[in-house]
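Report on the structure given below.
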Amino acid sequence: MSEITKPQRYEIEAGNYQLIIRYLMNFRNSLGDFFVALCSLFSSFAKPSRIGEVEGISTKALNPQIEQLYRMAQKPSRIILGLMSGTSLDGLDMALCRFSGQGLQTQCEVLHFDSVPFEEDFKVSIRAVFAKENIHFPSLCTLNAQIARTHANIILQTLQRWGIQPSDVDALASHGQTVMHRPDRSGHFPHSTLQIGDGDHLAHLTGIITLSDFRQKHIAAGGEGAPLAMFGDYFLFTKAGEDRILLNMGGIGNFTYLPANQDSKGILVTDTGPGNTLIDAWVRAHYPGKSFDEDAQIARSGKVNTEFLRALMDLSFFKEAFPKSTGPEYFNLAQVKSLAPAGISSEDVMATLTRFTAESIALAIQTYTKITTGSIFASGGGARNPLIMEHLRALLPGFIVQDSAALGIESAAKEAVLFALLANETLLDPGVARDRRLGDSPWMTMGKISLPN
Ligand SMILES: Nc1ncnc2c1ncn2[C@@H]1O[C@H](COP(=O)(O)OP(=O)(O)OP(=O)(O)O)[C@@H](O)[C@H]1O
Ligand SMILES: CC(=O)N[C@H]1[C@@H]2OC[C@@H](O2)[C@@H](O)[C@@H]1O[C@H](C)C(=O)O
């Protein structure tokens, strides 16, 4: 009886009682039927399996698309296309991954990676609602469909370029476009976050089962909905005997700390503050025709303004307890303008913002992990900014700082791979244990499943 408290076991036993009743009723039909039923009953006891299978009804009564999910989970490996469009709004990152196993047994092979830049007018329409306090509400509604359509077109064209049929892809894992992230610091509201580019549209337009909207359940379970990178970071990159920091510098910076003892309770993950978001915003506003500071050419031509840097490092975000998450709702151009000293040159602002990115990352690593040596694997567009990397090496002299490509995954592809991995987890993870945690973060399966038809 004690085993009945385990949900899975209970379902199997309940299924068998129903079978007994059904088979007893069969008894009045014919001896032949009874014999077949008896064999089937014995086989169901001998090999208790999933409910649909035990009752032998799966193919007739089950939506074939749901059956497809079931079969996908049984396959020795799955092809999942991870999709990421981050806060920099530069384009859609697509990583076609082959997964086998799950959790710490996950094996991931990146078959293809591409990043397709967005058209300028598409970016303009997203920026009109992105992280804004007041927006044209109908535009937000339209964008939910429009982003999905744009992504679907990019996906289909890219698959064609790669020579891959949509039917070869088991699932899409779509992050969507974050338009608002609102961790609550007042204690009056739930944390909330909004990613748009609807999964049903993507599934229907591509014909591929789609998992999307990964952040909501994390919030429901007590997290902030971000960062989520630690699941993939832990499953793919933990290494015994080495303290590892996986640092991503996209629009916002974040890191996962993987302790050398591989204890999942010791994993730390947090946003650190700005990655490239302030640098990009300043460039867009002051250097017409440019959208980022390529190879830090502008920042290198200016000088760090100490007073401005102190004012930035004094912002309330840096006094919040770890772990924490943030976005351009907090770190934005208006804030930079309000803190910049009068008369400062545009180049000095760029030099200071670049240093600020590195200092805020170094501060978070030093104060949260408290380690002073180890390996830092940098990814995201910030890893392409040579001045950020120079500052990081100077600020964290005990660490070996290298590109995350050293881990075998192209650094630009990492986030798209991580969302594909979250989808793989959702398809395979038994997911029954509540209150699972990875470090400071709730741990559960994530992503809503959209069927194409
Ligand atoms: N060669 C380069 N020199 C300097 N900066 C660069 C270079 N290449 C990329 N970047 C920076 O990286 C940014 C893009 O980073 P990335 O694609 O990682 O952002 P994202 O995925 O939108 O961010 P997130 O996922 O954190 O929201 C660019 O906007 C630019 O600021
Ligand atoms: C709400 C949101 O989209 N957050 C992003 C953003 O970009 C970086 C940082 O801020 C991180 O918290 C998160 O993305 C990564 C992939 C994450 O969840 O780990």
Inset, instruction - Residue by residue through the range 239-263, note down the ones that are in a loop (DSSP other than H, G, I, E, B) and within 12 Å of ligand 1 (Cβ to nearest atom). - result: GLY250, GLY251
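Here's the yes/no breakdown for (1) of a type in the set (Phe, Trp, Tyr); (2) within 10 Å of ligand 1 (Cβ to nearest atom); (3) assigned to a loop (DSSP other than H, G, I, E, B):
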| residue | (1), (2), (3) |
| --- | --- |
| ASP233 | no, no, no |
| THR272 | no, no, no |
| ILE279 | no, yes, no |
| TRP282 | yes, no, no |
| GLY289 | no, no, yes |
Inset, instruction - Please work out if ASP280 is open to solvent by less than 50 Å² (accessible area, probe 1.4 Å), more than 19 Å from GLY408 (Cα to Cα) and not assigned by TED's automatic domain parsing to the domain that holds LEU83. - result: yes
Inset, instruction - State the number of residues belonging to the range 424-443 that are touching a Gly at 6+ places or on another chain (Cβ under 7 Å), crowded, with 21+ Cβ neighbours inside 10 Å and closer than 20 Å to VAL269 by Cα. - result: 1
Legend entry - Which listed residue is touching a residue at least 24 places away in the same chain (Cβ under 8 Å) and under 20 Å from CYS108 (Cβ atoms), from ILE252, ILE219, ILE209: ILE209
Inset, instruction - Starting from the range 371-393, take each residue that is under 14 Å from LEU258 (Cβ atoms) and not assigned by TED's automatic domain parsing to the domain that holds ASP295 and list its partners that are among the small types (Gly, Ala, Ser) and within 15 Å of ligand 2 (Cβ to nearest atom), counting only C-beta distances under 7 angstrom and pairs at least six apart or across chains. - result: none
Inset, instruction - State whether the residues of the range 327-337 include one that is farther than 18 Å from SER88 by Cα, in a helix (DSSP H, G or I) and at pLDDT 95 or above. - result: yes
Inset, instruction - Output yes when any residue across the range 298-306 is in contact (Cβ under 8 Å) with a residue 60 or more places away in the chain and under 27 Å from ARG127 (Cβ atoms), and no when none is. - result: yes
Inset, instruction - Run down VAL417, VAL401 and say which single residue is within 16 Å of ligand 2 (Cβ to nearest atom) and either surrounded by fewer than 23 Cβ atoms within 10 Å (Cβ to Cβ) or assigned to a helix (DSSP H, G or I) (or both). - result: VAL417
Inset, instruction - State which residue is nearest to ligand 1 (Cβ to nearest atom) when the search covers only the range 347-391 and only residues that are out of contact with any helix residue (DSSP H, G or I) (no Cβ under 9 Å at 6 or more places or on another chain) and assigned to a loop (DSSP other than H, G, I, E, B). - result: LYS370
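The values are calculated or read from the model by the stated rules, or taken from the named source; none is laboratory data. Everything numeric here is computed off the predicted structure, so don't read it as measured data. Heads up, the Cβs are rebuilt from the backbone with ideal geometry, glycines too, and the neighbour counts pull from every protein chain shown. These accessible areas exclude ligands, DNA and RNA; they are computed on the full protein's heavy atoms, side chains included. Shrake-Rupley method; radii C 1.70, N 1.55, O 1.52, S 1.80 Å.
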